[in-house]
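**Student:** Below you will find the structure I want to go over with you.
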Amino acid sequence: MNRLRTKLIGDKAFYRMVLVVAVPRMIQNGITNFVSLLDNIMVGQIGTEQMSGVAIVNQLVMIYYLCIFGGLAGAGIFTAQYYGEGNSEGIRHTFRYKLWMALILTAAAVLIFLAFGDRLIRMYLMGSSDGGDLDAALRYALLYMRIMLLGLPPFMMLQVYTSTLRECGETVIPMKAGIAAVIVNLLFNYLLIYGKIGFPKMGVAGAAAATAMSRYVEAVYVMIWTHRNKKQNGYIEGIYRTLKLPARLAKNYFAKGAPLLLNEALWASGMAMLVQCYSIRGLSVIAGINISNTIGNVFNVVFVAMGDAVAIIVGQLLGAGKMEKAKDTDRKLIFFAVASSVLIAFLMLAAAPVFPKLYNTTEQARELAVRFIMVQAVFMPQIAFMHTTYFTLRSGGKTVITFLFDSVYIWCVSIPVAYILSRFTGLYVVYILVFVQMADWIKCIIGFILVKKGVWMQNITKNN
């Protein structure tokens with residue numbers, strides 16, 4: 001028993017190190033998601049159609065967000081290991097690669113949303129109206145989407161800078177920028193959605209405008225701080241002197257990053273497809289899922305931050321060649337994430353019957369939201385394990401394995417389960433969600449085996 005405790009539980013110094021990395025991320029995500037929750041409630045006070053329209057667009061925009069994360073993540077693996085070995089020039093190369101990748105992805109996203117936004121939104125409005133107005137939901141969604149596109153360029157620059165800062169161990173500044181952004185977002189949500197103190201009453205358009213403004217505030221804050229602190233961020237010196245990148249390095253970064261980009265794109269579109277499967281059961285289901293996901297994001301901040309901690313801490317240890325320490329640290333990080341999620345799941349269960357009452361929606365949507373929240377809470381430890389396992393495999397550059405482990409699995413297992421049950425059975429939609437979560441048990445077993453075998457333990461910067 002003592003041996004098992006030693007393998008899974010670290011000492012005080014270990015948890016101090018973890019908290020230094022993870023807590024700023026938890027605070028930033030927590031504040032961001034809490035404000036998103038308030039934003040969601042504000043929109044939810046207007047009506048079911050407005051809330052559903054905004055939820056659909058956010059589900060689609062999330063695909064872009066995760067493509068950016070995936071597109072930058074391949075170079076980010078190198079950045080963390082370059083930092084571990086003190087290679088500033090290597091970090092400059094990864095920064096420039098990220099800039100080009102983010103620019104390409106953002107341009108592609110804008111073109112897709114402008115050309116196909118209408119058709120993408122209609123995919124979610126194929127079910128019953130449940131007493132709502134599907135045409136109104138479409139109008140609100142299109143209005144919200146067009147304004148949200150204005151916030152993509154600052155989001156792009158923000159991710160290039162903050163991802164590099166975090167991979168180099170700086171987590172406080174992104175947190176401060178995030179706090180400033182959410183204050184702006186919350187303030188202008190209130191002013192523009194409801195038309196307070198002389199501002200126009202814009203409804204969902206006001207929510208989109210407030211979000212776009214907050215993106216600019218956050219990006220400017222991070223960029224100014226990074227360039228003003230060149231001594232601390234040595235790699236930023238002369239970063240824009242050239243945007244050229246050695247072809248060999250670009251090829252290596254792309255080779256590692258392409259599976260991650262493809263993975264995030266397929267995973268995000270897979271999650272969107274799952275919601276589309278559930279939406280076949282009606283507009284109330286979209287509203288219920290939106291409510292449950294909103295509060296779920298607030299409670300998920302701990303294991304999300306622990307995934308970042310795995311990527312940063314384990315990645316730096318691998319870059320420094322400390323393989324056994326990386327393995328021991330990773331095992332303890334995964335256990336900490338799962339154990340924490342068990343405690344948080346109980347809090348989420350307690351909040352389930354209360355939270356949906358804050359929304360001005362139908363009783364059916366509220367009832368569905370309560371049950372969706374309870375399902376999320378029950379499966380939270382499982383999700384935490386899969387999340388940290390994914391980042392473990394990614395920290396050592398095993399991007400092809402993560403691609404198979406994550407997005408291939410969701411498209412080959414989870415989506416077929418949801419598609420068949422939603423379209424060819426009369427099964428209650430909450431039970432469909434349960435079966436989809438249970439299908440991930442196989443994924444947990446595969447992840448456990450891969451992590452235990454240590455297939456991820458490698459230094460990928462040696463030959464670069």
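**Student:** Would you mind counting up the charge near Tyr221? Only other residues with Cβ under 13 Å from its Cβ, with Lys and Arg at +1 and Asp and Glu at -1.
**Tutor:** Spelling it out: positives minus negatives among the neighbours equals +2.
**Student:** Using 7 Å Cα-to-Cβ label points, what is the Leu187/Tyr240 separation (nm, one decimal)?
**Tutor:** Each label point is offset 7 Å from its Cα along the Cβ direction, giving 2.6 nm.
**Student:** For every helix of n ≥ 4 consecutive DSSP H residues, a contribution of -39,500 (n - 2.57) applies; sum these over the chain, divide by its total residues, and give [θ] at 222 nm rounded to the nearest 500 deg cm²/dmol.
**Tutor:** Mean residue ellipticity, 222 nm, calculated: -26000 deg cm²/dmol.
**Student:** Pop the C-beta distance of Ala247 and Ala115 into the FRET formula with R0 = 35 Å and round what comes out to the nearest 0.05.
**Tutor:** Between Ala247 and Ala115 the formula returns 0.65.
**Student:** Can I ask one more? For the stretch 219-281, what class follows from the C-alpha gyration tensor (a ≥ b ≥ c being the square roots of its eigenvalues): rounded when a/c is under 1.5, otherwise prolate if a/b is larger than b/c, else oblate?
**Tutor:** Judged from the Cα gyration tensor, the stretch 219-281 comes out oblate (a/c at least 1.5, b/c at or above a/b).
**Student:** Let me ask another. Using 1/(1 + (r/R0)^6) with R0 = 56 angstrom and r between the beta carbons of Asn229 and Tyr428, what's the FRET efficiency to the nearest 0.05?
**Tutor:** Calculated value: 0.55.
**Student:** Top to bottom by accessible area (1.4 Å), largest first, where do Ser340, Ser52 land?
**Tutor:** Values: Ser340 20, Ser52 0 Å².
So, going from the largest accessible area down, we get Ser340, Ser52.
**Student:** A follow-up question, please. With every protein chain present, what accessible area does Lys251 have (1.4 Å probe, heavy atoms only), rounded to the nearest 10 Å²?
**Tutor:** 150
**Student:** Rolling a 1.4 Å sphere over the protein heavy atoms, what is the accessible area per residue of the chain, to the nearest Å²? Intermediate results must be reported in sequence, preceding the final value.
**Tutor:** On the way: 19460 Å² over 464 residues.
So the chain comes to 42 Å² accessible per residue, rounded to a whole number.
**Student:** While we're here: Which lysines have a Cα less than 23 Å from the Cα of Lys322, not counting those fewer than 8 places away in the same chain?
**Tutor:** Lys7, Lys12, Lys256, Lys332, Lys398, Lys452, Lys453, Lys462
**Student:** If you rank Ile446, Ile31 by how much accessible surface each has, with a 1.4 Å probe, what is the order from largest down?
**Tutor:** Of Ile446, Ile31, the descending order of accessible area is Ile446, Ile31.
**Student:** Probe radius 1.4 Å, ligands and nucleic acids left out: which of Met156, Met457 has the largest accessible area, and how do the rest follow?
**Tutor:** Per-residue accessible area, sorted high to low, gives Met457, Met156.
**Student:** Given a 1.4 Å probe and the protein chains all in place, what does the accessible area of Phe424 round to, in Å² to the nearest 10?
**Tutor:** That residue has around 150 Å² of solvent-accessible surface.
**Student:** Out of (1) 66, 57, 50; (2) 61, 54, 38; (3) 72, 49, 49, which label holds the value of Cα extents along the principal axes in Å that was computed here?
**Tutor:** Correct label is (2).
**Student:** Please report, as a whole percent, how much of the solvent-accessible surface of the stretch 333-464 comes from carbon and sulfur atoms (probe radius 1.4 Å). Let's see the in-between values first.
**Tutor:** Details: 4350 of 5990 Å².
The nonpolar share, carbon plus sulfur, comes to 73 percent.
**Student:** For labels at Arg122 and Met17 in the simple 7 Å Cα→Cβ model, what's the distance in nm?
**Tutor:** Using points 7 Å along Cα→Cβ, the separation is 5.6 nm.
**Student:** List the chymotrypsin sites (Phe, Trp or Tyr not before Pro) within the stretch 191-247 that fall in a DSSP loop (any state other than H, G, I, E or B) and whose Cβ has at most 16 other Cβ atoms within 10 Å.
**Tutor:** Passing both the DSSP loop test and the Cβ count: Tyr240.
**Student:** So, in Å, what gap is there between the alpha-carbon centers of the stretch 316-395 and the stretch 200-259?
**Tutor:** Value for the Cα centre distance between the two parts: 28 Å.
**Student:** By the gyration tensor of its Cα atoms, with a ≥ b ≥ c the square roots of the eigenvalues, what is the shape of the stretch 69-109: rounded for a/c under 1.5, prolate for a/b over b/c, or oblate?
**Tutor:** Judged from the Cα gyration tensor, the stretch 69-109 comes out oblate (a/c at least 1.5, b/c at or above a/b).
**Student:** How high is the relative contact order of the chain, given as a whole-number percent (alpha carbon pairs under 8 Å, six or more residues apart)? Display every interim value, and only then the final one.
**Tutor:** Values: 687 pairs, mean separation 110.0, N = 464.
Relative CO of the chain lands at 24 percent.
**Student:** What's the extension gain from Leu8 to Tyr65 if we count 0.36 nm per residue and subtract their Cα-Cα distance?
**Tutor:** 17.2 nm
**Student:** Next question. Give me the one-decimal nm value for the distance between modelled label points at Asp133 and Ala339, 7 Å along each residue's Cα-to-Cβ direction.
**Tutor:** Placing both labels 7 Å beyond Cα along the Cβ direction yields 5.4 nm.
**Student:** So how much accessible area does Phe34 have, in Å² to the nearest 10, using a 1.4 Å probe?
**Tutor:** Result for Phe34: roughly 110 Å² accessible.
The values are calculated or read from the model by the stated rules, or taken from the named source; none is laboratory data. Values in this document were obtained by computation on a predicted structure and should not be read as measured data. Note that we place each Cβ from the backbone using ideal geometry, even for glycine, and neighbour counts take in every protein chain shown. Keep in mind that these areas ignore ligands, DNA and RNA; they rest on the heavy atoms of the full protein, side chains included. Shrake-Rupley method; radii C 1.70, N 1.55, O 1.52, S 1.80 Å.
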